[in-house]
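First the structure, in the form of structure tokens, and then the observations on it.
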Amino acid sequence: MKKLARSRKTECQKAFPLTKSPLVQCITNEITCESMANALLYVDAKPVMADDPREFKEFFAQADGLLLNLGHISKTREANLREASRYAKEVGQPTVVDLVGIAATKLRQELGRYLYENEPDVIKGNVSEMRAFCQLASSGRGVDGSSRDQSEAALKELAAALEEHAAEKEIVFLATGEKDLIVSKDATLLLENGAAELDRFTGTGDIVGSLIAALLGTGIKPLGAVIAAVSYFNICGENAAEKTNGLADFRQETLNQLSLLAAEEPGWFERIEGAEK
């Protein structure tokens, strides 16, 4: 791996603040729905949490991006995710799939595979979830990743598996963790920003997925959208860690930084740290 190219950072300059206010349709779970909706509003995007297939034709015609999140599965939500994925492929809607909990159950693994076959722009999950997606041994529990899956050797193994998937389909893959692994057909990167406290409140990965969908909705290419969204959120977390004591205050300040970082630090992208092949 070599130092992250400066061009990667400067590409992120185009991301935040957003060039327009994209409408992002989120088919997601109730647990973090409010956090995701507000996060989108804080960066000047517009959320809509519409998951009834009877409305898809009308909402897809208005929306700029789509997020499909496996977080809270039921028979109805599984059917809605499948139909949204199918219709998104049919109409060419920019789409992010978040494989929440795929390491936990066969049902989620089968659903994740179906969503993959419909070729979304981005597929994401934590490192343990992405190992399960690649049919590698995973130490994830429930929807949580494991530090055992984040060693240098484990990340190298996962990168190789994701590179095989990226060679088959035009999809950008994101595996989040202490270091964030990004793999596309043309690039493999490790991003190193963030704060340990981000693992201590729920919905951080969901928020990143929604930010990626928002950037896709502004016309940014998938690889650039992933790099920018992950980095922006992690730098927000870094700022929050410096300003607060206690996890509740940290959570609030991280969300607060979403609306402040680009305005107060126009050169925020210069703080991106990482490496690439």
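So the values come out like this:
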quantity: Verdict on A175 being modelled with pLDDT under 95, within 19 Å of D144 (Cα to Cα) and either aliphatic (A, V, I, L, M) or over 17 Å from the mean Cα position of the chain (by Cα) (or both); calculated: no
quantity: Residue list for region 47-98, restricted to those being of a type in the set (V, I, T) and in contact with a helix residue (DSSP H, G or I) (Cβ under 8 Å, 6 or more places away or on another chain); calculated: V48, I73, V91, T95, V96, V97
quantity: Residue in region 258-269 that is crowded, with 17+ Cβ neighbours inside 10 Å and in contact with a strand residue (DSSP E or B) (Cβ under 9 Å, 6 or more places away or on another chain) present; calculated: no
quantity: Boolean, L191 is within 24 Å of S128 (Cβ to Cβ), free of Cβ contacts under 8 Å to residues at least 60 places away in the same chain, of a type in the set (A, V, I, L, M, F, W, C) and in contact with a Gly (Cβ under 9 Å, 6 or more places away or on another chain); calculated: no
quantity: Any chance G237 is at positive phi and either at pLDDT 95 or above or not in a helix (DSSP H, G or I) (or both); calculated: no
quantity: Criterion (of a type in the set (A, V, I, L, M) and under 15 Å from F16 (Cβ atoms)) met by exactly one of A241, A275, A262; calculated: A262
quantity: Test: residue in region 88-106 that is surrounded by fewer than 18 Cβ atoms within 10 Å (Cβ to Cβ), at pLDDT below 95, closer than 28 Å to L181 by Cα and among the hydroxyl-bearing types (S, T, Y); calculated: yes
quantity: Candidate set from region 1-40 (those that are touching an Asp or Glu at 6+ places or on another chain (Cβ under 8 Å) and aliphatic (A, V, I, L, M)); member that is farthest from E152 (Cα to Cα); calculated: L23
quantity: Tally of residues being outside any loop (DSSP other than H, G, I, E, B) and buried (at least 23 other Cβ atoms within 10 Å of the Cβ) across region 113-131; calculated: 11
quantity: Complete set of residues in region 179-218 that are within 27 Å of A153 (Cα to Cα), part of a loop (DSSP other than H, G, I, E, B) and not acidic (D, E); calculated: K179, S184, K185, A187, N193, G194, A195
quantity: Helices (runs of 4 or more DSSP H) (entirely within region 1-79) containing at least 1 residues that are touching a Pro at 6+ places or on another chain (Cβ under 9 Å) and either of a type outside the set (S, T, Y) or at pLDDT 95 or above (or both); calculated: 33-42
quantity: Tally of residues being surrounded by fewer than 17 Cβ atoms within 10 Å (Cβ to Cβ) and under 15 Å from the mean Cα position of the chain (by Cα) across region 178-198; calculated: 1
quantity: Residue within region 226-249 that is in contact with a Ser or Thr (Cβ under 8 Å, 6 or more places away or on another chain), surrounded by 23 or more Cβ atoms within 10 Å (Cβ to Cβ) and among the aromatic types (F, W, Y) present; calculated: yes
quantity: Verdict on K169 being basic (K, R), at pLDDT 90 or above and touching a helix residue (DSSP H, G or I) at 6+ places or on another chain (Cβ under 8 Å); calculated: yes
quantity: Near pairs, Cβ below 7 angstrom, 6+ apart or cross-chain, from region 163-184 (free of Cβ contacts under 8 Å to residues at least 60 places away in the same chain) to any residue that is small (G, A, S) and not in a helix (DSSP H, G or I); calculated: A166/S184; V172/S184; A175/G125; G177/G145; L181/A175
quantity: Identity of the residue in region 78-113, touching a strand residue (DSSP E or B) at 6+ places or on another chain (Cβ under 9 Å), free of Cβ contacts under 8 Å to residues at least 40 places away in the same chain and of a type in the set (A, V, I, L, M, F, W, C), that ends up farthest from S138 (Cα to Cα); calculated: A88
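The values are calculated or read from the model by the stated rules, or taken from the named source; none is laboratory data. Keep in mind that what you see is a predicted model, and the values were worked out from it rather than measured. Because the Cβ atoms are built from the backbone with ideal geometry, glycine has one as well, and the counts that use them run over all protein chains shown.
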